[in-house]
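Trainee: Okay, here's the structure, questions in a sec.
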């Protein structure tokens, strides 16, 4: 691809400072940042949470909160955004620059059809009839790859998959043909195959339409796959900026080196199963069927169809697949949170098909659960120590949280959190710290089985690396069996002894991790592995070229 002329700048940021007013005084979010983006170029801004990357991107559209004060210059297609009033900002949003948000479900209004929402954005900026706006909405849905757009234009957001909703948000951003698109973590919650499709769509926008893209992400594989240039931020400042191939080949700053070293990669490690793995199964599924009842006369939906697998004592089983493959449903059934419709599922010796809650209740203390988003699984009114102590109180091991403080302090130190953090509230911890506290709570009752559902997918790459290292250490130390649910094959490679690949409720492939990932037999498994971006622009380009030829 040929980069546009250097003078053809769409965005130019000069000496940007952003401060937030707080009760404790002003907090610097961005310091002395200078960047530029040209037409037909993808600039990736990377860094951990709190590095200032999202604040920098939002300043381009004037989307900072009222508590923020910005100084310096943000030139968007020849106009300084910093000095603009509210009405002027409304005019440039969508026309000169548009934003793709991280979570499409919150960006789409659930009570209006996607066609109406697309047309409303057009009519807010252009004098256009309802009929013409609808025709343009259908055209945009077709452009971003929504099948049967003439029909789907009348559907509501909940009738689309996560990847399709992200495509609709991209269509909304493109509708007014902006000069630059700001993509804030556009693939974080997506499966690797859907992520590959979204990245290909963004690449087409750059190559075919000359759209400039500012990509905000912590996924270095996505950066390697899409970016032309990379700016690395730390504590509100740019510590390194370079063309993507140059930065990945020879990172100069120590923080960039650390960031790249933390990226999990497929190394195909042959993990020796634990000594007692052949003992009585902790979980045994045979012909497992799980159905969700239909509504208003519609037939039941079969989420899991005839699945067989086993988890032995001390074994880590990786359960992978796309959204809708049934992996979370299986985890919920093992935890007694979803009923078994057919076949057999034995958990800790108890048959789950037809089990009564009072029978299963005595087994719950032997189960730990680590959720994807610890922020929503903690009671915000309780301190971290009270949250971690909750299982001990519920199951009668302590009368009140204060009685269990010694045990809680021991657990917090086991997950590498200072025991003083127990006196903080969940919102006072970072994402990685909350996930460690969630792990401490799951281990409070010394479980025989731990269910971890996408526990690291929303974490920054360096924080994810620390949590995964810690998880591996704790698993070896305490010897609990684990069902690790994820769509990240590199994470499975890092932790799991065995892996089960699910596709549309059925097992596509299973076996020792090194065997399945190193020599996949099923076409779906091969597609999953091929879709996983690697943190190397040269290798990514070669893989894309090979895929096109294939």
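Trainee: With the radius of gyration and the Kirkwood radius both derived from the Cα set of segment 1-108, what is their ratio Rg to Rh?
Mentor: Using Cα coordinates only, the ratio equals 0.97.
Trainee: What percent do you get for the relative contact order of segment 2-152 when only Cα pairs under 8 Å and 6+ apart count?
Mentor: Rounded, it is 19 percent for segment 2-152.
Trainee: Peptides 506-515, 154-163: what's the order by average Cβ count within 10 Å, highest mean first?
Mentor: Packing proxy ranking, top to bottom: 506-515, 154-163.
Trainee: Here's another thing I want to ask about it. Could you work out, for segment 452-535, what percent of all Cα-Cα pairs fall into each 5 Å distance bin, beginning at 0 Å and stopping at the bin that holds the largest distance?
Mentor: All Cα pairs considered, the percentages come to 3, 13, 24, 25, 19, 12, 5, 0.
Trainee: How high is the relative contact order of the chain, in percent, counting Cα pairs under 8 Å that sit 6 or more residues apart?
Mentor: 15
Trainee: Label 7 Å along Cα→Cβ of residue 355; segment 468-491 residues with amide nitrogen under 16 Å?
Mentor: So the set is 481-483.
Trainee: What is the percent of Cα-Cα separations in segment 174-240 that go past 13 Å?
Mentor: 67
Trainee: Right, next: Could you please state, rounded to a whole Å, how far the C-alpha centre of segment 229-257 is from the C-alpha centre of segment 453-502?
Mentor: 27
Trainee: Separate question: Using only Cα atoms, locate the centre of segment 320-391 and the centre of segment 41-111, then give the distance between them in Å, rounded to an integer.
Mentor: 40
Trainee: May I pose another question? Counting only C-alpha contacts under 8 Å and six or more residues apart, can you give the relative contact order of segment 416-550 as a whole percent?
Mentor: Computed value for segment 416-550: 15 percent relative contact order.
Trainee: When you count, for each residue, the other Cβ atoms within 10 Å and take the mean per peptide, how do 311-322, 66-77, 195-206 rank with the highest first? Before the final figure, lay out each step's value.
Mentor: Working: 311-322: 24.5, 66-77: 16.2, 195-206: 19.3.
With the highest mean Cβ count within 10 Å placed first, the list reads 311-322, 195-206, 66-77.
Trainee: Taking the Cα atoms of segment 47-185, what is the range of coordinates along each of the three principal axes, in descending order and whole Å?
Mentor: The Cα atoms of segment 47-185 stretch 47, 37, 24 Å along their principal axes.
Trainee: In Å, what Kirkwood hydrodynamic radius results for the chain from the alpha-carbon pair distances? Display every interim value, and only then the final one.
Mentor: On the way: mean 1/r = 0.0395 Å⁻¹.
Result for the chain, one decimal place: 25.3 Å.
Since every read-out is calculated from the coordinates, none of them should be taken as a lab result. On a predicted model such as this, the values are computed, not experimentally measured, just so you know. Cβ: placed from backbone, ideal geometry, glycine included. Neighbour counts: every protein chain shown.
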